Each structure stands twice: as C-alpha cells, then as structure tokens.
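**Student:** Here it is, the structure, as structure tokens.
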Amino acid sequence: MRRTHFEAFRPVCPRCGDAAFLEIAQVLREQDGDIAAGILHCPRSACRQEYPIVDSIPLIVADLPRLLGDRGVEMMLRNDLEPDLESLLGDAIGPDSWYDAIRQITSTYAWDSYAALDPAEAPAAEAAPLPGAAARCLDRLMDLASNAAPVARALDLGCAAGGTSFALAARHPDALVLGADLNLSLLRLARRAVGGTVSYPRRRIGLVYDRRCFPVALPGAARVDFWACDATALPLSDGRADLVAALNLLDCVAEPSLLLAELRRVLAPSGNLLLATPYDWSTRATQPAHWIGGHSQRAAHAGAGEKFLRDLLTAGAHAQSVADLHLCGEAANWPWHTRLHDRAAMRYETHLLALQRAADA
C-alpha cells in the first residue's frame, strides 16, 4: 500500500463509514513509502476493526472473515514452482476445481492486460482476438466524456489484473490511480506488475498452461496502487474521486442499483463516471430480481437493459434512480472479447456510457 494513496484517498472504516478514517496501526515491512506488510485499524473504541496489508494490498472490506473464507487461498498461492511441477499439480487437482477456476480467470484477464508486452506471445492469427480489449474500451469511454478538467484521483473499480488502471495513469499523467477488486489473485498479479514483473499461467487448452513471466515498464506505474475493496460499499468518503471507471462490473455484483448509487456517492462534483456492461447476467453473481433488463418483459423497459439503465441514471425516471448525473456520450454496441484458450474466445457487445456529475451537486 503506497502511503501517497493512503493519504490522498483517506480510507474510512467500511463498518463505521465517514465517522472513522482508518489509521496505520502497524508496519511490518516497508520500502520507499510502500507498505508491503502491515495492519490498518479503525480508531473508534466501539469498533477497533483491523484490516491486513498483505503483498502490498490492503484488504479493506466490512466482512473480512467472509472474504478470506471465500478467497483467502488466493493469498497463499505460490508463483515460484517449476513449470513441470506446476503442470503435475494442476493435473492432479483436476478440472472444475478451485485451482483450475483461479487459473482460468487469471489467464483470461492477465492475457488481455499484458499479452501485448509479452515477448513470447506469437502474432495473432487472422480473426483471433487481440489483447487490450479493456483498455480500448476505456479509451473510447474517455473520448466520450466531456470533462477535460484535471484529474487528481481516479478509481478503477473491478480492475481485475490492472491493465485499465495503468491505462488511466497513462491518460491522466497527474493523477493517482487506485484499482479495486475482490479477486485477490488478480490483485496480486497487478501489484507485481507495479514492480515491473508480470507472471501468470497462460491457458493453452484444457489443463495445459504455460507459465509466462516477463519484465514490464508501465507508464505511470509509480502513481498506481491496488486495494481489495467491495465496489458496492467502498471505504471512501463522499466525492473522493474525480474520475470513476467501472468496466463490465455492473453485471458482476449482487445489487447493481446499489453499485450505481455508490459510484455516484464517491464521485466528486463535475467528475466523470465511465460505465461499460454487456448485461451478461448470471445467478452466481446477481439474482434475477436485481438484473437490469434481461427479465420482466411486461415492464416499461420491456426487458431491455439499455432503457432500464438509462432510467436508473436519470433523476426521477425510476424509484432507484441516482441524481445529478448527465449523459455525455454513449456507444450501444462496443465490441469486447475475452480469450479463454487457444481455440476459444467470448465476444460481447458492450454498452458504454460516459456521465458527468453536476458541478453544484
């Protein structure tokens, strides 16, 4: 955890809210203002909740036991196994296991973020997906946004392997960028990229993975940090960010309407909100009652996610609408693909919306 980001974003206790700014209670290992291991805590005597910093990543979530119960194994995974041994262990643990699920997700997101920088990556075959889909989506959204004001603090929510966080830093050379996610294995990968190394298992087919490890020099890396946070309950005070990006996150949370309200809450007046969603709903993440479109054909939106989302972003158009946001630009069918393995990829038509919060909000 960079001290610069801790001071600029001033995290609050996610259990207590604005009433309690977190304090650095213990530093176990630090170098050049980067706390690699330590403990944050809430100063309120009625709370005193502790939040660990592991591998330079602070885990600032209200229900820490649940996060660690669900994903704590990701903090323990090794990256120093010889390729043959890693392959043997992967075969033994087998498909449809927790280990292979982690490897598949890591392969997909790391490839999109960093494969263009990998000297071992072969040129893509004709019609094959190209890495950098998320960054291209972000570039298009920033072009759609109308606010040219300087950005001092930017949030990249659902940052995954961190490629879009570095893209934000490159686009805004004076900004501190904070990437946030709950996938601890992807956050660890992103945090190592800050230090100049990318290492991930690139899926070839089935259980066959190639360990890719290569140096990177990412523009603006010194201004990027990564925290483990819940995007629907951010440990930040109101109006803390000048720019908030949430790409393909809306259909990955339990209650999308809560996410929209939270994005608006942490966005500063005149700040830009950049959204992208393919409305690819899954009951593993979101129950149908909370979907934005994709059901309730008898409603006014006739099951269309695009109209429903616009209503939620227009004050007074829906009971759960957020206020003070103005639509600056929109792209209804922006192409987005994700690589699964050498012979498979998923293609989406993603809905992009660039919004600006009112200056006098």
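All of the numbers you see were taken from the coordinates with simple rules; none came from a lab. Predicted, not measured: the structure shown is a model, and the values here were computed from it. Positions of Cβ are backbone-derived with ideal geometry, glycine not excepted, and every protein chain shown enters the neighbour counts.
**Student:** Identify the residue in the range 267-293 that is of a type in the set (V, I, T) and farther than 22 Å from E330 by Cβ and, among all such residues, is surrounded by the fewest Cβ atoms within 10 Å (Cβ to Cβ). If you could, list the steps in order and put the result at the bottom.
**Tutor:** Step one: filter the range 267-293 for residues of a type in the set (V, I, T), giving 277, 283, 286, 292.
Still in the list and also farther than 22 Å from E330 by Cβ: 283, 286.
Numbers: T283: 8, T286: 19.
It comes out as T283.
**Student:** Can I ask one more? Considering only the range 80-123, state which residues are of a type in the set (G, A, S), exposed (fewer than 12 other Cβ atoms within 10 Å of the Cβ), free of Cβ contacts under 8 Å to residues at least 40 places away in the same chain and in a loop (DSSP other than H, G, I, E, B). Walk me through it before giving the result.
**Tutor:** Filtering the range 80-123 for residues of a type in the set (G, A, S) gives 87, 90, 92, 94, 97, 101, 107, 110, 113, 115-116, 120, 122.
Okay, now just the ones that are also exposed (fewer than 12 other Cβ atoms within 10 Å of the Cβ), so 92, 94, 101, 120, 122.
If we keep only those that are free of Cβ contacts under 8 Å to residues at least 40 places away in the same chain too, we end up with 92, 101, 122.
Passing the criteria: only A122.
**Student:** Let me ask another. Can you tell me which residue within the range 176-235, out of those that are among the aromatic types (F, W, Y) and over 12 Å from the mean Cα position of the chain (by Cα), is surrounded by the most Cβ atoms within 10 Å (Cβ to Cβ)? Walk me through how you get there before you give the answer.
**Tutor:** Step one: of the range 176-235, the residues among the aromatic types (F, W, Y) are 200, 209, 214, 226-227.
In the following step, the residues that additionally are over 12 Å from the mean Cα position of the chain (by Cα) were identified as 200, 209, 214.
Details: Y200: 29, Y209: 22, F214: 15.
The extreme case among them is Y200.
**Student:** Another one. How about the range 298-356: which of its residues are surrounded by fewer than 16 Cβ atoms within 10 Å (Cβ to Cβ), part of a loop (DSSP other than H, G, I, E, B) and either among the β-branched types (V, I, T) or in contact (Cβ under 8 Å) with a residue 40 or more places away in the chain (or both)?
**Tutor:** Passing the criteria: T314, Q320, A323, D324, D342, R343.
**Student:** Restricting attention to the range 161-207, report how many residues are in contact with an Asp or Glu (Cβ under 6 Å, 6 or more places away or on another chain) and under 26 Å from D91 (Cα atoms).
**Tutor:** Qualifying residue count for the region: 8.
**Student:** Take the range 189-215 and flag every residue that is under 17 Å from P119 (Cβ atoms) and among the basic types (K, R).
**Tutor:** The initial filter retains those residues of the range 189-215 that are under 17 Å from P119 (Cβ atoms), namely 193, 196-200, 202, 210-215.
Those that are under 17 Å from P119 (Cβ atoms) and among the basic types (K, R): R202, R211, R212.
**Student:** I'm checking my understanding of the structure. Among residues of the range 28-58 that are closer than 13 Å to G195 by Cα, in contact (Cβ under 8 Å) with a residue 24 or more places away in the chain and charged (D, E, K, R), which one is surrounded by the fewest Cβ atoms within 10 Å (Cβ to Cβ)?
**Tutor:** In this case the residue turns out to be D55.
**Student:** D139 fails exactly one of the following numbered conditions: (1) assigned to a helix (DSSP H, G or I); (2) touching a strand residue (DSSP E or B) at 6+ places or on another chain (Cβ under 8 Å). What is the number of that condition?
**Tutor:** The failed condition is (2).
**Student:** Name the residues in the range 3-37 that are at positive phi and either part of a strand (DSSP E or B) or among the acidic types (D, E) (or both), would you? Working first, answer last.
**Tutor:** Let us first name the residues in the range 3-37 that are at positive phi, namely 10, 17, 32-33.
Across the range 3-37, the qualifying residues are G17, D32.
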